[in-house]
Every structure is written in structure tokens, then in C-alpha cells.
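Below is one structure, written out as C-alpha cells; comments come after it.
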Amino acid sequence: MGIDKQSFSTQLGKNIAKHRQKLGLTQEQLAEKLDLGNEAVSRIERGVTTPSLMRLFDFAMVFHCKVNDLLIETQSPRKDDIEHIGLLLNQLSEDDRSFAIKQLEQLIDYLKSKS
């Protein structure tokens, strides 16, 4: 379950490109700031390679954002759904929230078995 590595790398690369473009930087300018080659930035943005965690911190520093911002955007198609479910669950008492989560898990198991 979850996102596969290639989809993750591709979406992360798109997010990095989006942040770079938002700052008006070229790939060459970003590469220079990160002490990388132009091709390395291109490969990351295309999802051919995935940057290390330490490299993600470098990107975040250049983009003036948190590493988490780069990763959360990776999951953006689901982010609204996750936040919505979280808001619904937060309205419940601890016992009711626990019950609702168990019910949701059972529903998901049932729906997965139908596929």
C-alpha cells in the first residue's frame, strides 16, 4: 500500500521544479547554489534520481521552506482527504475516535477484498 518509489521520485522532482520556478531560478542557478552539476538537478526534477535526505535539507534551505513542505506536496492529491478525515476524527472523544478508526480499517479491508 502507499506510493511506489518511482511515483514518489517523479512527484518529488516536480515539487522541486515548482519551488525552483517560483523563485525564478534556472536549473543551472539552482545547481550552482547546491554545488551540483546541471544534469544532477535535471535528473532529480525528472524523477530519475531521488535526492538524499541531506540533499533535501539543502533544497529546503535554498527554497526557504521546510523539508516537510517538499514531501507533503508529494502527497498533495491525497492531502485534502487526509486532513478532512483528521478533522472528522478530532471531533470525537478518544473512545469514539478509536472505534471509528477500527471501523474505517474494516471498511478499507472489505473494499480492498472486493477489488
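Structure data summary
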quantity	calculated
Stretch gain in nm, segment Asp69-Lys22, where the contour uses 0.36 nm per residue and the Cα spacing is subtracted	15.5 nm
Whichever lysines have a C-alpha closer than 30 Å to that of Lys33, once near sequence neighbours (fewer than 8 apart) are set aside	Lys5, Lys14, Lys18, Lys22, Lys66
When the convex hull of its Cα atoms is projected in every direction, mean area for the chain (nm²)	9.1 nm²
Percentage relative contact order, the chain, counting C-alpha pairs under 8 Å, at least six apart	25 percent
Nearest 10 degrees, 0 to 90: helix 53-63 Cα axis against the chain principal axis	70 degrees
Tilt relative to the chain, helix 76-90 - C-alpha long axis, 0 to 90 degrees, to 10	40 degrees
For segment 100-115, 3J(HN,Hα) per residue [Karplus equation, 6.51 cos²θ - 1.76 cosθ + 1.60, θ = phi - 60°, Hz, x = Gly/Pro]	5, 5, 4, 5, 5, 4, 5, 4, 5, 4, 4, 5, 5, 5, 6, 6
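Just so you know, all these numbers are worked out from the coordinates, no wet-lab data involved. Just so we're clear, the structure is a prediction, and the values are computed from it rather than from any experiment.
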